[in-house]
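The values are calculated or read from the model by the stated rules, or taken from the named source; none is laboratory data. Here the structure is a predicted model, which is why all the values come from computation and not from measurement. In this analysis, Cβ positions are derived from the backbone assuming ideal geometry, glycine residues included, and neighbour counts consider all displayed protein chains. For accessibility, only protein heavy atoms count, side chains too; no ligands or nucleic acids. Shrake-Rupley method; radii C 1.70, N 1.55, O 1.52, S 1.80 Å.
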Amino acid sequence: MRYEIGKLNLEAFLMPISAAEDALARLDERVARSEVGQGFAERADFFEAVSNMWVAGELVHLEDLVLHDAQMDVRAPSHELVIAHRIVRARRRASRNDPGWAVSRTGIMAFAGIAEQEDEAPRKFKRRGEGRDLETDEHDALPPELAEFDEVLAETSWLVEAVPSGSTRTRQPELIVGELVIRDPDWDESERICEWLELVKQVEALPATLAAAVLWDAWDQLEPLQRQHWLGQVLVSDFLRLRGKVRSHLFAYSVGLREMPRERRRARNRTTRLVAFLEAMSAAATAGMKDIDRLTLAKRQLERRAVGKRSTSSLPAAIELILSRPIVSAHMLAKAAGITPRGALNLVNALGVREVTGRGRYRAWGIF
């Protein structure tokens, strides 16, 4: 399957491109100059992850995601929650690297946990952990019980390691459980990734927003990664950073996609889809500027309550955490400020932050 850019109806894109370019420029300037820009960028990771899952048809509660990120789950994490947290981690990793790293072959392979073999054709790859020598030296021999655990951990370590460490992985034959096909053996991920990366070069002459819309449409059509389709929104956001449209942070593209009707996002006509994707950028930028306004106002109100407090007060640390997370719990505040949970409750009462969960035991507060 190939994705042909072909001839684009530029007349239909003039207004959406103008609106998207203007909205992204305004958002980028606001975040770069705002006193709450860092907190906004950290909050955007959570909103983007939840919206990304929503666009894919999965529901993840924002409070569960924040608590899972803080390793303070109130229940066993679901499969969808784990994926959402992977999106948060992927966005943080992309933000830490140089603009454009995520949309390079190295970045995509790193996100997917894939590394090319050096001694074979460039499109051959294997699953990390395969072929690893599990035999141990006589002096390092473990008891049979521990050796069995060690063998299992060695075989599955590629699942939890974030960065490949020299070993590579290969595409596995399909695994069928009942009528559910887990992996398609004919799904050549490396070839599809190469095709998508070729499109990244082809859209260089297009306006940044239109190029990003085309890349997202191509990712949606090609589906390079059969198990990590969510990565497309992260790549599009990093592409906008590479083109200099949003340099201050990683753009929350899925927040805008969530506002577009499914009939437009999945329309058969490509022009309709691209216009919807451009309008999604404008919607995400508008939502971002409203969030900055809320955070700025909240910061000033919270800082007023901290005026006149002693220099060793934990209120500044609590304010910083509240501004950088959609919601916070007493244990999160206690960990950030280095105080007891009871003391964290006193901080919340002193700041007057709105409670958002309504739970009896696991209470949380936030700015909305």
Checklist entry - Quick one: in the stretch 233-368, what % of C-alpha pairs are over 27 Å apart? => result 41
Next on the checklist: Per 0.36 nm of contour for each residue apart, how much would the distance between SER18 and MET72 grow if the chain were fully extended, relative to their Cα-Cα spacing?
Outcome noted: 15.1 nm
Next on the checklist: What distance in nm lies between label points placed 7 Å from Cα along the C-beta direction at ARG310 and ARG89?
Outcome noted: 4.1
Checklist entry - For GLU58, what is the net charge nearby, where nearby means another residue's Cβ is under 13 Å from its Cβ and Lys, Arg count +1, Asp, Glu -1? => result 0
Next on the checklist: Largest first and in whole Å, what are the equivalent-ellipsoid semi-axes of the stretch 1-106 based on the Cα gyration tensor, each being the root of 5 times an eigenvalue?
Outcome noted: 30, 20, 15
Checklist entry - Got a number for carbon plus sulfur as a percent of the stretch 1-125's accessible area, 1.4 Å probe? => result 50
Checklist entry - How much length is gained on full extension from ARG300 to GLU58, taking 0.36 nm per residue of separation minus their Cα-Cα distance? => result 83.5 nm
Next on the checklist: Just to verify a number: what accessible area does TRP54 come out at with the full protein assembly present, 1.4 Å probe, Å² rounded to tens?
Outcome noted: 100
Next on the checklist: I want to check the label-to-label distance for LYS290 and GLN226. Put each point 7 Å from Cα in the C-beta direction and report it in nm to one decimal.
Outcome noted: 4.0
